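> To start, I am sharing the structure in question, which I have written as C-alpha cells.
The values are calculated or read from the model by the stated rules, or taken from the named source; none is laboratory data. All values reported here derive from a predicted model rather than from experimental measurement. Every residue, glycine as well, gets a Cβ built from its backbone with ideal geometry; the counts of neighbours run over all protein chains shown. SASA here: full protein model, heavy atoms, side chains in, ligands and nucleic acids out. Shrake-Rupley method; radii C 1.70, N 1.55, O 1.52, S 1.80 Å.
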Amino acid sequence: MTELADHVAAIGRPIKRKEDARLLTGKTQWTDNIQLPGALHMAILRSPMGHAKITKLDVSGALKYPGVEAAYSATELGDLNGSVPCVWPVTDDMVAPDFPALAKGEVRHMGDCVALVLAHTAAQAADALEGIVVEYATLPAVIDMEAAIADGSPLVHSDKGTNKCYTYHLQPQGDSAYAEAKAKADVVVKRRFINQRLIPAFMEPRAVVAAPMGTSGELTIWSATQVPHVLRVLLTLVTGVPENKLRVVAPDVGGGFGGKLQCYREEILCVALANKLGRPIKWTETRSEDMVATHHGRDQIQDIEIAATKDGKLLGLKVDLIANMGAYLQIITPGIPLLGMFMYPGIYKMDAYDFTCIGVFTNTTPTDAYRGAGRPESTYAIERIMDELANEIGMEPMELRKKNWIKHEEFPYTTVAGLTYDSGNYEAATEKALALFKYDELRKEQEKRRASGDKVQLGIGISTFTEMCGLAPSRTLGALKYVAGGWEHCTIRVLPTGKVELVTGTSPHGQGHETAWSQIASDTLGIPVDDIEVIHGDTRTSPYGMDTYGSRSLAVGGQAILRAGEKVVEKARLIAAHQLECSPADLEFDHGTFRVKGDPSKEKAIQAVAFEAFTAHDLPDGLEPTLQAESTVDPQDFSYPHGTHLCAMEVDTETGKSVMRSYVCVDDIGIQINPLIVEGQVHGGLAQGIAQALYEGAVYDSDGQLLTASFADYLVPGAPDLPSFTTDHTVTPSTTNPLGTKGVGEAGAIASTPAVINAIVDALRPFGVNDMPMPAHPMTVWRTLNAARQGGK
Amino acid sequence: MIPSTFDYVRPKSVDEAIAALTAGGEDSKVITGGQSMLPLLRLRMAAPSVLVDCARIDEMKGIKDNGDSVTIGAATTHLDVMSSDIVKSHVKLLADATATVADPQVRHRGTFGGALAHGDPAGDLPAVALALDATMEIAGPKGRRQVAAKDFFVDYFTTAVGPDEILVSITIPKLGKGWGTCYEKFNRTANGWAIVGVAAAVKVEGGKIAEARIGLTNCAAVPVRASSVESALTGVAVSATEIEAASQSAADGTRATTDLGADKEYREHLMRVLTARAVSCAAGA
Ligand SMILES: Cc1cc2nc3c(=O)[nH]c(=O)nc-3n(C[C@H](O)[C@H](O)[C@H](O)COP(=O)(O)OP(=O)(O)OC[C@H]3O[C@@H](n4cnc5c(N)ncnc54)[C@H](O)[C@@H]3O)c2cc1C
C-alpha cells in the first residue's frame, strides 16, 4: 500500500491517466474482443438506395451458404422487429414516424437495414448476404431541406403527409420584442450560415454482443456505447426483456462523441435474436456501415439576423433554423437544435431574442448528438455574425465583443434566452489570449501583407464562446419534454484493507474518468489515488447512472462523488470518535487521519476505521457495519465554461488553400481536477472543430447516395494537418456545484469552428469576401474569392 | 469489410510467381504491398481466387546504381526508396515525391512497383516515372520485355502489365549536371491523395531553361507530360514571371475530371499554378 504520508492534494495535479496503458496497448476488453462459445455472427444487408420500395425480398438463398443458421427480413422477424425509440418529443404535435429495426417494405436512407444473416463466423455471414435476393423500385428522394418543406416535395414518410417534423418557437420577451428592437436599430445584419452535416468517426466501430447467461434467465449485452444505463431502459421497453433480467455492459469504449449515445437498430436486433434463439449474437460494424448507419451530426440551415446601434450596441437577435432530422428520429434527434437554442446569444447582452426551428425529414441517415450537440451550431452563428456586424459598422471585432459581453461584475447574469450564467470572466481570458497570440503584432503583419498584395494573406479569427453543459437539472429537462432526468450517482466503498471501490453512473469512453474520479475521492477520503478503483459501465455493478455526454460527467457526476465521499467520512468519524472515546465534533480529519483536537497522539486512519467497520466488533450502538455510502445528485443548474479562442490562418489566394499558422485558446472551465486531461480534451475538441471548418462534411447526391462514404472522401484530419496549439486557462469557479467545476469535453469543438472561418474571411475581407461556406475546401475558397473579386457578394 | 475467400501463394522467384499466376488463370492477382489491393478486397470491389504475393522475391527488391542510371526493384517499399542514399542523390524527384505518399504506415508496406502497376491516376509516382523517362522491366510466360514509361500507362487502373505478367524493376536515367527537380502536390490533408500533382525536372544553363520535363498527376486517366509547357519553357529566363507565363498552357492535352476533390475548372487552374511553382522551384527561380 502506498504510504499515507505521501498523500498530497490530488485535485489539480496533472496525473497521467491510469487507464492509458491498457487503452493504448489494446490490452483490454473491447466489445469485439468478446468471444463466446456458440455465438452467431450477424451481418446486415443495407439499402444502397436513398429511397425505394422493396418490391421483392427473399432471404432463403442465404441459408444455402456455409455456416448460415438463419436469415431474416422484417417479414420473418415479425414482432421481434422492434422500433428505434425517440425520447424527446419536443412538441405535442411532433411528427414521429415508426423506425423499425429492419425496414418494412420501404427503405428511406442509404444504409437502412433490409435483412440480416446469422452464421458461425463473421466472414460466413458477410458472404451469405450475397444470397439474399432483393429488388427495389426507386422512389423520389429528397435530400435538400428547403426542398423537403416546399409544396409538392416527395415525402420521406408518405403516411405522414409532410416532411415537417416540428416547429419550435422561443420568444422570451414576447412575439413582438424582436421587431421592436429591430425598429430601433441603425444596423441590421443578416446572414445565412450552413452548418454542414458531420460524421462522428470515432475510432472503435460500434459492436454488440448479446448473450443469454445460463439458467439465471439473465440476458447480458455488451455494447460499445456511451450510455449503458439509458440503453438498458430503452432495450427493455423496445424488446420486452424485463429490466431486472437485462444487464448492459459498456466495456472499454473507443470514443463516441455522441455517436454512441443511442439505442441503435443493431442493438435491438442482437437482443431480440439472442433472446429468441437462446444463443449469443455478435455484430461488429465495418467502417463502411458506420459511415451510413451511425447517426450523423449538425446539418442546419441558419438564417441569422442581428440588430444593433451604429456604435455597436446589440439590440436583438433573430434565429431561424431548419434542422435536418434525417430519415427517422433517433434517441434525441429532434432535441439537438434545442440544446443550442439557449446559446445563440452567446456571451452578449441584448434586449430581444426570437428563435424558430423547423425540423425536417430527408432521405439521409438520421442525425443526433455530435460533440457539442446544438451548441457548436449556435456558437458558430453568433461568433460569425458578430464579425459581420463589426465589419458592417467598421469596428474592430474584439472591440465589438468587449462592448457587448457580460462584465465580470455582472454575474450571475440572466441572458436574453432565459439562462442564468453563474460565473465568468471574459475580460481575463481575453486579455491572456491576446497576449499569447501576439494579436497586435499579427494585425501589423496583416496590414503589411495587404499593402504589398502578398499572394498569401493573413487572417485573424476570434471566438469568445460560452456553452451550457452539465446536463442537467431534471426539472429543466422535464420542462423541455425530455423523458428522463439529469441526475448522477456514486457509491463509495472503503474495503476492509483500505482500498476503495468507487462506483460511478457516468460511463467513460476515453475521457479519463478513472483517474479524475480517483483524484476527487482521494482528496475527500485522504486515500491515495492508486488505492481507488473506479467501477463503471455495467448495470450489474453500477446500477444507477445517466452516463456520459454533454460534458456532464464531472459537472454532475463529480458532485455525487464528493457527496458520497463526505458521507463515508461522516460515518468513519462516528466510528473513530467511538473508539478514540471522544465526541465526533472533537475530531479533525486531515489527509485520511482522524485526530483528537488538542491531543494529536490519539489518531485513527480511515483505512483502520474501514477494518473496524468490517469486523464490527466495536461500533457505536445502532451504527450499521461496513464503510460505504452512496449519493445521487440532481444538479442545481448547468455550468457555463467559456473561453477566448484566436486563430491565425494563411490563405493562398492563388489556390484557395488555407493553412493554420497558430491557434491560441484560453479556456475557463472553473476548477480543474486534472489539467493534463483538460488539455487532452481541449486538443481533441479543437481538432474536431477545426475539422468542421476545414475538412469534414458529409455530401449526398440528389438520389441520396452518400458520396463521402469512406475516409478517402470524408476527410478527418490527422496530427500533421494541425499546428501545435497554445492552450491556457483562467479559473473562475462555477458557483452551481461544490467542486466549482465546469465541463470541458466539448469546449474545443464548440469554440474553434467560427474562429477558423472568421480568420479565413478576415484574410479575404479586402477582396470583398463576407462569408465562407464550410468546409473551407480550397476550391470553395478560390470560388468565393473569385466571385467577390468580380464584385459579387 | 471482410473480403471474399481467396487462396494465397508466396513464390520465391519471378519464374515461380509467373507459374503461379498462369496456374491461377484469369482470377489470379499479384499482391505486393497490399496497400491498394487490400482496400479493393475488403470493399469486395475485387474478388480474386488466388493472390500471388511478390513481396518476398529477392530479385524484385533493392536499389542499384548502374553508373548512368538507377534500377529499383518493383517490390522495394516506399520507405526504402525515399531513404536510399542512391535515390536521394541521383533521383531526388522520386525520393521527394515518395515522401508525400500517404503516411508512414502505408509507406512501410506499399511498393514502388505496386504504385506503378496499379495505374491509379491519382498516384504520385507514375507522373514522376513519366517525367524522368523511366523504363519498366516486365516478366511474363514469354520472357522479359522493357517498356518505356510513356507506353506503360494505358488507361484508368490499366498498365502495360498483362494479367499473367509481373513488373520486376524500374530503371531511371540519372539527370546529370544543371538539373533541378521538384514535386508539387496539392492535397487537402497531409496523408491525402493528390488533387493535382506536378513533377518537374528542369535543366538550367546560363540563367536560361535549357530543357524541362513535366509530369502531371491526376489530370487525366493516366499521367501526362505537360508538353506544351515543356516547349514554351525552353530558352526562357529563370524568372518567376516568365515561368508563370509559360505555364499557362499546363492544362493543354489533359482530361481533368470532376470529383469531390475538385471540378474540372479548378483542377485546370491548379495545373497552371502548380506547374509554375514546381518549375520555379526546380529551376531555383
Ligand atoms: C491510406 C492510403 C493512402 C494512400 N495515399 C497515396 C498517395 O497519397 N499517393 C500515392 O501515390 N499512393 C497512395 N496510396 C497507395 C500506395 O502508394 C500503394 O502502396 C500503392 O498504390 C500500391 O503498392 P502496393 O505494393 O501496396 O501494391 P498492391 O496493393 O499489392 O497492388 C496494387 C495493384 O498492383 C498490382 N501489382 C502490385 N505489384 C505488382 C507487380 N510487381 N507486378 C505486377 N502487378 C503488381 C496488384 O495486382 C494490384 O492490382 C495510398 C494507399 C493507402 C492505403
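> Going through segment A:173-197 one residue at a time, which ones are of a type in the set (A, V, I, L, M) and free of Cβ contacts under 8 Å to residues at least 60 places away in the same chain?
The answer is A:A179, A:A183.
> Give B:V30, B:V52 a once-over and let me know the one that is away from chain A (no Cβ under 14 Å), open to solvent by 30 Å² or more (accessible area, probe 1.4 Å), of a type in the set (V, I, T) and within 12 Å of the ligand (Cβ to nearest atom).
That would be B:V30, the only listed residue that is away from chain A (no Cβ under 14 Å), open to solvent by 30 Å² or more (accessible area, probe 1.4 Å), of a type in the set (V, I, T) and within 12 Å of the ligand (Cβ to nearest atom).
> When segment B:55-78 is examined, which residues are found to be within 13 Å of the ligand (Cβ to nearest atom) and open to solvent by 20 Å² or more (accessible area, probe 1.4 Å)?
Answer for segment B:55-78, where residues must be within 13 Å of the ligand (Cβ to nearest atom) and open to solvent by 20 Å² or more (accessible area, probe 1.4 Å): B:A55, B:R56, B:E59, B:K61, B:T77.
Per-residue answers, yes or no, for (1) out of contact with any strand residue (DSSP E or B) (no Cβ under 6 Å at 6 or more places or on another chain); (2) of a type in the set (V, I, T); (3) open to solvent by 10 Å² or more (accessible area, probe 1.4 Å); (4) assigned by TED's automatic domain parsing to the domain that holds A:T466:
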| site | (1), (2), (3), (4) |
| --- | --- |
| A:Y700 | no, no, yes, yes |
| A:P738 | yes, no, yes, yes |
| A:G745 | yes, no, yes, yes |
| A:P754 | no, no, no, yes |
| A:N758 | no, no, no, yes |
| A:G768 | yes, no, yes, yes |
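> Which residue pairs have Cβ atoms under 6 Å apart, sit 6 or more places apart or on different chains, and have a first residue in segment B:166-187 that is over 30 Å from B:Y266 (Cα atoms) and away from chain A (no Cβ under 14 Å) and a second that is within 14 Å of the ligand (Cβ to nearest atom) and of a type in the set (D, E)?
From segment B:166-187, the pairs are B:V168/B:E137; B:S169/B:E137.
Let's see how each residue does on (1) under 22 Å from A:P376 (Cα atoms); (2) in contact with a helix residue (DSSP H, G or I) (Cβ under 7 Å, 6 or more places away or on another chain); (3) assigned to a loop (DSSP other than H, G, I, E, B):
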position	(1), (2), (3)
A:D728	yes, yes, no
A:N737	no, yes, yes
A:G743	yes, yes, yes
A:L764	no, yes, no
A:P773	yes, yes, yes
A:W782	no, yes, no
A:L785	no, yes, no
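> Also, I was wondering about something else. Are any of the residues in segment A:241-248 open to solvent by 10 Å² or more (accessible area, probe 1.4 Å), charged (D, E, K, R) and within 18 Å of A:V84 (Cα to Cα)?
yes
> Give the number of residues within segment A:35-64 that are assigned to a loop (DSSP other than H, G, I, E, B) and buried (at least 18 other Cβ atoms within 10 Å of the Cβ). Full working, then the answer.
Within segment A:35-64, the first condition is being assigned to a loop (DSSP other than H, G, I, E, B), and the residues that meet it are A:35-39, A:47-51, A:59.
Add one more test, that the residue is buried (at least 18 other Cβ atoms within 10 Å of the Cβ), and what stays is A:39, A:47, A:49-51, A:59.
Residues in segment A:35-64 being assigned to a loop (DSSP other than H, G, I, E, B) and buried (at least 18 other Cβ atoms within 10 Å of the Cβ): 6 in total.
> In the set A:P635, A:P717, A:P625, which member is within 27 Å of A:T476 (Cβ to Cβ), in contact with a helix residue (DSSP H, G or I) (Cβ under 8 Å, 6 or more places away or on another chain) and of a type outside the set (K, R)?
On inspection, the qualifying residue turns out to be A:P635.
> Can you tell me which residues in segment B:104-132 are over 11 Å from the mean Cα position of the chain (by Cα) and more than 7 Å from the ligand (Cβ to nearest atom)?
Across segment B:104-132, the qualifying residues are B:P104, B:Q105, B:R107, B:H108.
> Only residues that are within 14 Å of another protein chain (Cβ to nearest Cβ) and either touching a Pro at 6+ places or on another chain (Cβ under 6 Å) or touching a residue at least 24 places away in the same chain (Cβ under 8 Å) (or both): list them for segment B:1-27, please.
B:M1, B:I2, B:P3, B:S4, B:F6
> While we're here: Given the conditions (1) in a loop (DSSP other than H, G, I, E, B); (2) at pLDDT 95 or above; (3) of a type in the set (S, T, N, Q), which single one is not true for A:Q636?
Condition (2) is where A:Q636 drops out.
> Let me ask something else. Filter segment A:454-482 down to the residues that are open to solvent by 40 Å² or more (accessible area, probe 1.4 Å) and either of a type in the set (D, E, K, R) or not assigned by TED's automatic domain parsing to the domain that holds A:F437 (or both) and list them by number.
We begin by selecting, within segment A:454-482, every residue open to solvent by 40 Å² or more (accessible area, probe 1.4 Å); these are A:454-456, A:475-476, A:478-479, A:481.
Once the filter is applied, which keeps residues that are open to solvent by 40 Å² or more (accessible area, probe 1.4 Å) and either of a type in the set (D, E, K, R) or not assigned by TED's automatic domain parsing to the domain that holds A:F437 (or both), segment A:454-482 yields A:D454, A:K455, A:R475, A:T476, A:G478, A:A479, A:K481.
> For B:F157, only one of the following conditions fails: (1) open to solvent by 10 Å² or more (accessible area, probe 1.4 Å); (2) near the ligand (Cβ under 9 Å from one of its atoms); (3) touching a Leu at 6+ places or on another chain (Cβ under 8 Å). What is its number?
B:F157 satisfies all of (1) open to solvent by 10 Å² or more (accessible area, probe 1.4 Å); (2) near the ligand (Cβ under 9 Å from one of its atoms); (3) touching a Leu at 6+ places or on another chain (Cβ under 8 Å) except (3).
> Please specify each residue of segment A:468-519 satisfying the condition of being part of a loop (DSSP other than H, G, I, E, B) and among the basic types (K, R).
First, the residues of segment A:468-519 that are part of a loop (DSSP other than H, G, I, E, B): A:468, A:470-473, A:480-487, A:495-499, A:505-512.
Those that are part of a loop (DSSP other than H, G, I, E, B) and among the basic types (K, R): A:K481, A:K499.
> For B:A194, all conditions in the list (1) within 19 Å of B:A251 (Cα to Cα); (2) open to solvent by 30 Å² or more (accessible area, probe 1.4 Å); (3) of a type outside the set (K, R); (4) near the ligand (Cβ under 9 Å from one of its atoms) hold save one; what is the number of the exception?
Every condition holds for B:A194 apart from (2).
> When residues of segment A:211-240 are filtered for being open to solvent by 10 Å² or more (accessible area, probe 1.4 Å) and over 23 Å from the mean Cα position of the chain (by Cα), how many remain?
12
> Here is a further query. Could you look through segment A:381-438, keep only residues that are assigned to a loop (DSSP other than H, G, I, E, B) and free of Cβ contacts under 8 Å to residues at least 12 places away in the same chain, and pick out the one that is most open to solvent (accessible area, probe 1.4 Å)?
In this case the residue turns out to be A:K438.
> Please specify each residue of segment A:600-624 satisfying the condition of being at pLDDT below 95 and in contact with an Asp or Glu (Cβ under 9 Å, 6 or more places away or on another chain).
A:P600 - this is the single residue of segment A:600-624 that is at pLDDT below 95 and in contact with an Asp or Glu (Cβ under 9 Å, 6 or more places away or on another chain).
> Which of the helices (runs of 4 or more DSSP H) found entirely inside segment A:212-319 contain at least 2 residues meeting this: at pLDDT 95 or above, farther than 30 Å from A:Q681 by Cα and more than 14 Å from chain B (Cβ to nearest Cβ)?
A:228-239, A:265-277
> Further, regarding this structure: Taking B:P223, is it more than 14 Å from chain A (Cβ to nearest Cβ), open to solvent by 10 Å² or more (accessible area, probe 1.4 Å) and more than 13 Å from the chain's Cα centre (by Cα)?
no
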